[in-house]
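Asks: My questions will all concern the structure given below.
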Amino acid sequence: MPKIVDHEQKRKLIAESAWSIIEAKGIEHASIRAVAAAAGLSPGALRHYFSTQDELLLFIVDYYLTRGVDRAEGLEISRIPMKAAKEVILELLPMDTEKRTAVGVWWVFAIRSLTSSALQIKKDELTDGLHYLTKSVLDLLTGAKLLPSSIDIELETLRLAAVVEGLTILALLRPEIYAPETVERIVACHLRELCMRAMNE
């Protein structure tokens with residue numbers, strides 16, 4: 001009887017093998033050959049599942065994005081609106097080793113998407129997701145009457161997303177300056193400044 005191969009399970013094994021390499025050595029070491037060896041496959045066999053490195057990268061981002069969503073769904077958010085807003089924003093930032101790895105992969109993915117049509121749709125989907133989350137933070141604060149009535153929600157959604165992305169890059173490039181506690185203070189300061197406008201109306 002021929003051996004039955006679970007293709008989806010094999011693809012997950014490949015993604016997990018690639019992620020292990022990325023965590024240990026960095027994404028630049030996750031070549032087709034290295035990932036194939038870690039998954040116990042030949043490079044030719046791996047190309048049966050992923051014909052290009054972009055296709056493999058897309059699957060890794062998809063696979064670990066799902067894991068991140070599962071993690072976020074299990075997060076207990078504070079009932080205090082300002083604290084809850086900060087907690088949601090901090091979940092998007094590289095506050096621990098696992099999220100630093102994920103963010104590093106995201107930025108490689110984002111840069112490659114500029115010249116790869118295969119990655120552009122997923123890049124747009126992920127950036128749209130960031131805007132959805134930053135708007136949800138502002139909606140939370142608006143519902144608690146902590147934001148000024150004159151606030152431009154569309155502009156502040158983009159500005160908060162820019163704060164998140166800026167902190168992400170700087171935390172990756174200069175972790176000795178943008179340590180987790182410093183990043184948390186910056187986020188708290190930004191949210192306080194947004195809400196202080198309401199007190200002056």
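Asks: Calculate how large, on average over all directions, the projected area of the Cα convex hull of segment 51-201 is; give the answer in nm² to one decimal.
Replies: On the way: hull surface 38.5 nm².
Averaging across all directions leaves 9.6 nm² for the Cα convex hull.
Asks: Which angle between 0 and 90 degrees, to the nearest 10, do you get for helix 153-173 versus the longest principal axis of the chain when only C-alpha atoms count?
Replies: So the inclination is approximately 50 degrees.
Asks: Positive end of the charge dipole of segment 48-201 (Lys, Arg +1 and Asp, Glu -1 on Cβ, about the Cα centre): tell me which of I89, I60, T101 has its Cα farthest that way.
Replies: The residue sitting most towards the positive pole is I89.
Asks: Also, I was wondering about something else. Could you tell me what percent of the accessible area of the chain is made up of carbon and sulfur, with a 1.4 Å probe and every protein chain present? Write down the numbers at each step before the final one.
Replies: On the way: 6830 of 11850 Å².
Here carbon and sulfur together make up 58 percent of the probe-accessible area.
Asks: Then there's this: Taking amide hydrogens as modeled 1.01 Å from N in the peptide plane, which residues meet the under 5 Å criterion relative to S31, leaving out close sequence neighbours?
Replies: none
Asks: Additional query: Once you list every other residue whose beta carbon is under 13 Å from the beta carbon of S17, what net charge do they have if Lys and Arg are +1 and Asp and Glu are -1? Can you show the working numbers first?
Replies: Values: positive: K10, R11, K12, K25, R33; negative: E16, E23.
Local net charge: +3.
Asks: Sticking with this one: Just the number: Rg to Rh for segment 20-115, Cα atoms, Kirkwood Rh, two decimals.
Replies: Numbers: Rg = 16.3 Å, Rh = 15.1 Å.
Reported Rg/Rh, Kirkwood definition of Rh: 1.08.
Asks: Run the numbers on the chain and let me know its relative contact order in percent, using alpha-carbon pairs under 8 Å that are six or more apart. Walk me through the numbers on the way to the answer.
Replies: Values: 145 pairs, mean separation 37.9, N = 201.
This gives 19 percent for the chain.
Asks: Please work out how much accessible surface M196 shows to a 1.4 Å probe, ignoring ligands, DNA and RNA, in Å² rounded to 10.
Replies: For M196, solvent-accessible area is about 100 Å².
Asks: For the chain, give the magnitude of the charge dipole about the Cα centre (Cβ charges: +1 Lys/Arg, -1 Asp/Glu; no others), in debye to the nearest 20. Can you show the working numbers first?
Replies: Numbers: 24 positive and 28 negative charges, 83 e Å.
About 400 debye.
Asks: So what are the ³J(HN,Hα) numbers for segment 106-120, from phi and the Karplus equation (6.51, -1.76, 1.60; θ = phi - 60°), rounded to whole Hz, Gly and Pro as x?
Replies: Per residue, the Karplus-derived 3J(HN,Hα) values read 4, 5, 4, 4, 4, 5, 5, 5, 5, 10, 10, 5, 5, 9, 5 Hz.
Asks: Now, a different point. Per DSSP H run of at least 4 residues, take -39500 (n - 2.57); add these up for the chain, divide by its residues and hand me the 222 nm value, nearest 500 deg cm²/dmol. Intermediate values should be presented prior to the final figure.
Replies: Details: 9 runs with 150 residues, N = 201.
So the helix-based figure for the chain works out to -25000 deg cm²/dmol.
The values are calculated or read from the model by the stated rules, or taken from the named source; none is laboratory data. Just so we're clear, the structure is a prediction, and the values are computed from it rather than from any experiment. No Cβ is skipped: glycine too gets one built from the backbone with ideal geometry, and neighbour counts run over all protein chains shown. Areas reflect the complete protein model, heavy atoms only, side chains present, ligands, DNA and RNA absent. Shrake-Rupley method; radii C 1.70, N 1.55, O 1.52, S 1.80 Å.
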